[in-house]
Amino acid sequence: MAKVTLTVNGRTVSGDCDDRMLLVHFIREKLGLTGTHVGCDTTQCGACVVHMDGRSVKSCSILAVQAAGSTVTTIEGLSSQGELHPVQAAFKEHHGLQCGFCTPGMVMTAVDMINRHGGKLDENTVRHELEGNICRCTGYHNIVKAVLSANAEMHTGRQAAE
Ligand code: FES
Ligand code: FES
């Protein structure tokens, strides 16, 4: 057993867990944040993507003990003051989801992608970088549209603020 302390969605949290517990299970079972999904447990589907120290990671590929001391953001921590994050709003507007199972991971991956590319994203890059996120419903087209739309929105906002 180990005691793990980390910052999740801006709050310092602690929990006891087995040394072998995956971060995704710690987030869901110990913290009750069930927006992060488990689709495979074998690093294929991307449903479990969260941000750890600012970068997207598959939380089924990390042990909870490895995340000790880090800063994690889950889908529950993305909106601010009741407002959807621009990527969440774009998924809604462009129908980038059907059953919604893949959506938290898709959104977290997209936010990191947009942040890393500084607004310079094209369709090929989006499709390439979404390869680690599997959706069984949408055919991806509207997801890609949503990511590009959010990218444009976030980039324009950034330019306006500068
Ligand atoms: S549950 Fe982590 S990649 Fe599928
Ligand atoms: S919306 Fe159903 S798996 Fe993607």
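Which residues, taken from the range 82-97, are in contact (Cβ under 8 Å) with a residue 60 or more places away in the chain and more than 16 Å from ligand 2 (Cβ to nearest atom)? Walk me through how you get there before you give the answer.
Going residue by residue through the range 82-97, those that are in contact (Cβ under 8 Å) with a residue 60 or more places away in the chain are 86-87, 89-90.
Hits for the range 82-97 are P86, A89.
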Matching residues, the range 10-63, being within 16 Å of ligand 2 (Cβ to nearest atom), aliphatic (A, V, I, L, M) and out of contact with any Cys (no Cβ under 7 Å at 6 or more places or on another chain):
V49
Search the range 24-46 for residues that are farther than 24 Å from T5 by Cβ and pair each with any residue that is open to solvent by 50 Å² or more (accessible area, probe 1.4 Å) and among the polar types (S, T, N, Q) when their beta-carbon atoms are under 6 Å apart and the residues are at least 6 apart or on different chains.
T43/S61
May I ask you to list pairs of residues, at least six apart or on different chains, whose Cβ atoms are under 6 Å apart, with the first in the range 98-119 being more than 6 Å from ligand 2 (Cβ to nearest atom) and the second being modelled with pLDDT under 95?
I114/M154; G119/H155
If you go through the range 120-143, how many residues are away from ligand 2 (no atom under 16 Å from the Cβ), touching a helix residue (DSSP H, G or I) at 6+ places or on another chain (Cβ under 9 Å) and not β-branched (V, I, T)?
5
When you scan the range 142-151, do you find a residue that is of a type in the set (V, I, T), over 29 Å from F26 (Cα atoms) and either away from ligand 1 (no atom under 16 Å from the Cβ) or not assigned by TED's automatic domain parsing to the domain that holds V38 (or both), even just one?
yes
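The values are calculated or read from the model by the stated rules, or taken from the named source; none is laboratory data. Since the model is a prediction, treat every value here as computed from it, not as a measurement. Cβ: placed from backbone, ideal geometry, glycine included. Neighbour counts: every protein chain shown. Note: areas computed on protein heavy atoms with side chains; ligands, DNA, RNA excluded. Shrake-Rupley method; radii C 1.70, N 1.55, O 1.52, S 1.80 Å.
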